[in-house]
Amino acid sequence: MEESELKHRTSTQSSDSSEASDSSESSARSRVGKNLPGERSRWSQSTNWERFLWLLKIPLRTVLCASLVTVFFLTYHGFMLPILWARRFWPRLYWFYEGKLYKWLQAFVASWGITAGYSVYEYGEDIGDLCEERVLVMCNHLSTADVPTIFAVLQNKGVASRKTLWLMDQMFRYTPFGVVGHMHGDYFVKQGKATRDRELIRLKEHLRDVYWDRDRRWVILFPEGGFYCNRIESSQAYAKKNGFPHTEWTTLPRQGAVKAILEEIGPRDPDENENLQKSRSASKLKLIKDTVGALREKKYIKETRPPIKYVLDMTIAYPNANPLSLETLMFGTREECDIAVNYKVYRADEVPFHDETKLRDWMYQVYVEKDKLLDNYYREGVFTTGEEGSLVRFSWSKIVFQYVFWFTSAYLLFHVYWWIITIPFGVLAVIFRAVEPKGI
């Protein structure tokens, strides 16, 4: 859709909602109709006995959550050290091994909310067939609970769960998850107008180096560029000033990263695809060499460079437009409630990413639709009237097993590495005793 058409289509909406554009986030929340569980604190909705049990759980949950930055973080690196040799000599084994640990990290964090009583339901289109595909995932950004929520829905997405590439803010680079993410190949964005162009060039270079080399599938980002509560007023003011769509529950997305991603690893011209296929066909003459090489690394992935085929619009909604936070998931301070995730799929070759203006208008339209979905959810408790969500199931036995596994592994690895560290000192002690004069 051209810019003039988009402005004409939204002119009535913009004029009718000019007063709403100046309103605060709290006034938007006042229009929420459906009163779903999750607004009140757990303390206010509990009996005295339940409060007593909840207080008893706080130290335990603190230990379990703190184990992410202690037990898991150290054990992860303890498992990675013995396999570092394979990164050069057997990349396929290395990234499979690393991907499994990365998926378990996601399950570790996702279990916090599940064990606190916050269930996740999936709505919208069935994306089961996308688990093996290459997909660009665009998600709205409401709070610090968004990432654990995505971790939860990724657990039943097959290989996509361990073959993701996240785009996240530079501030997370040196957190425990950031350190693991850096090893995995995630990209950390330095935001700001001064570095915008340079960052997009760096992003393309990173994708060129990592995406096919490590056989990544889903690229996940938050196009809004920040939390909804921090950007809604400026977004609405910008929309009103320029005649763009007015949104209540989302902010207007930024298209720079999406454009860079699709230009670098998105759909290609037919001629370029044909040239890549010819190159691949010629290499098939060396059948034995290719077969042996495929066991070591997926070289054909680098040669054919399969592009992103779909764009997945993911919409997260919390009860009554009151987002949960990471602290809420960790300690369960809010009453038990449901988190909703909606999916809408687009073909990547239908996205006009070669034209900046057309891409902006396309993304604005996607977020207008996302805004309508959120509005309906906050009013009716569902994204689409009559639709039933599918529960993301977590097995308690799996949750218990993962904690037992990581704590047991930490104990064993500590003793193994301690033994390795003490070997040189033991050897030196034997040497000193051997050369020590007998008469002394």
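A short reminder: the numbers here are calculations on the coordinates, not readings from a lab. Source: prediction; values computed, not measured. Heads up, the Cβs are rebuilt from the backbone with ideal geometry, glycines too, and the neighbour counts pull from every protein chain shown.
Things worth noting here:
- Zero-based 5 Å bins, Cα pair distances in segment 297-368, whole percents: 3, 11, 15, 14, 11, 11, 13, 11, 8, 3, 0
- Rg to Rh quotient for segment 79-176, alpha carbon positions, Kirkwood Rh: 0.99
- Each label was represented as a point 7 Å from its Cα along the Cα-to-Cβ direction; for Arg51 and Asn242 these points are 5.1 nm apart.
- Cα pair distances exceeding 24 angstrom across segment 348-440, given as percent: 69 percent
- In segment 379-423, the GluC sites (Glu not before Pro) that fall in loop regions by DSSP, at most 15 other Cβ within 10 Å: Glu387, Glu388
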